[in-house]
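This report concerns only the one structure given below.
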Amino acid sequence: MYEFKYMIADEAQYIKNNNTQNAKSIKKITAGTRFALTGTPIENSLSELWSIFDFIMPGYLFKYRKFKEMYEFAIVKENDQSKMQKLKKIIEPFIFRRIKKEVLAELPDKTVTVLYNEMEEEQQKIYLSYLAQAKKEVADEIKINGFENSQIKILALLMRLRQICCHPRLFLQDYDGESSKLNQCIEVAEEAIKAGHKILIFSGYTSMFPIIEKMLTEKNIDYLKLTGQTKVAERIELVDKFNEDKDIKIFLISLKAGGTGLNLTGADMVIHYDPWWNLSAENQATDRTYRIGQKNNVQVYKLITKNSIEEKIYELQNKKEKLIDNMLSTQNTFINQLSKDDIMELFG
């Protein structure tokens, strides 16, 4: 059996789930000193931080069950500041954080702006109707099956509400009304193009792209599109074409497909069409253009529909991000680890 002097786990978020084969296998390797490199030490829960520490210093944060009892529950569910500070003090000596501005001092400024929109009248009627229906279905589901066994159903209902905010036509094929968010997005894009900008538009829903494409075509705006279905060779061609062709002003990219591996410094504006559960996914998408080689200031717009689940998700993102920032000084959230109260608030 080999014993290594050093072992370095790059992209250590891939061992954040202690139950995966990746995590179990790498933790079996014997090494005198271990390092973990990751830009997202916490994406969804504090258990991910525990798993990474379990790799570099097994036992330092105890067994997971004890860690959960001592820290995770108190910090995440009860917002226990004393426990948070105690955990931070324990892990701080072993975390070296590099902030992008410190490492890449030559990077220009990045400005993030939240743009709110209000639903069109017909769109709002549909939203309120589905919201009332969703509240009843959630209550019935939890009553029959319990909260833990109802999460798939709950997420499906939440997705439907989010889709209505994007455009009701995502699931109502006969809807012939408008979407305030789409109108806002196109208006922002048109003004930006007039000012000479090139734009990345990200969405968590690839089904939204055909609707956006139709409007771009009607307005004679040249664009490219990249999704999870795009082949690797074609991805490279699309990236090069967008960066080099001054006539192509917009690049439509699915959030998951465009989160890593793309260098799109030809753009200097990012539009997040819809908020994603995990803020780190949005940040990684933005970094496709805000990276080495970017010479222009980068403007990021987040489109949020008022009086909707999107507004509540954004508020929850901020709350969770602040908690993580206080403890780890990182910009990631565990938005997916929602309590029952958190979820019911989304339907409020």
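So the values come out like this:
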read-out: Residue match in region 6-22 (condition: among the aromatic types (Phe, Trp, Tyr), surrounded by 13 or more Cβ atoms within 10 Å (Cβ to Cβ), more than 20 Å from the chain's Cα centre (by Cα) and closer than 29 Å to Glu282 by Cβ); value: no
read-out: Single condition Phe62 does not satisfy, out of (1) free of Cβ contacts under 8 Å to residues at least 12 places away in the same chain; (2) more than 25 Å from Trp277 (Cα to Cα); (3) part of a helix (DSSP H, G or I); value: (3)
read-out: Members of region 184-203 found to be surrounded by 22 or more Cβ atoms within 10 Å (Cβ to Cβ) and assigned to a loop (DSSP other than H, G, I, E, B), listed by number; value: Lys198
read-out: Total residues in region 282-312, condition buried (at least 21 other Cβ atoms within 10 Å of the Cβ), modelled with pLDDT of 90 or more and acidic (Asp, Glu); value: 1
read-out: Residue match in region 212-219 (condition: farther than 23 Å from Leu279 by Cα, among the hydroxyl-bearing types (Ser, Thr, Tyr) and in the same structural domain as Asn283 (by TED's automatic domain parsing)); value: yes
read-out: Failed item, numbered, when Lys181 is tested on (1) at pLDDT below 95; (2) not in a strand (DSSP E or B); value: (1)
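Condition check ((1) of a type in the set (Lys, Arg); (2) surrounded by 15 or more Cβ atoms within 10 Å (Cβ to Cβ); (3) under 22 Å from Gln317 (Cβ atoms)) across all residues:
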| residue | (1), (2), (3) |
| --- | --- |
| Val112 | no, no, yes |
| Glu118 | no, no, yes |
| Val138 | no, yes, yes |
| Glu148 | no, no, no |
| Leu155 | no, no, yes |
| Arg160 | yes, yes, yes |
| Pro168 | no, yes, no |
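The values are calculated or read from the model by the stated rules, or taken from the named source; none is laboratory data. All values derive from a computational prediction rather than experimental measurement. Glycine gets a Cβ as well: all are built from the backbone with ideal geometry, and neighbour counts include every protein chain shown.
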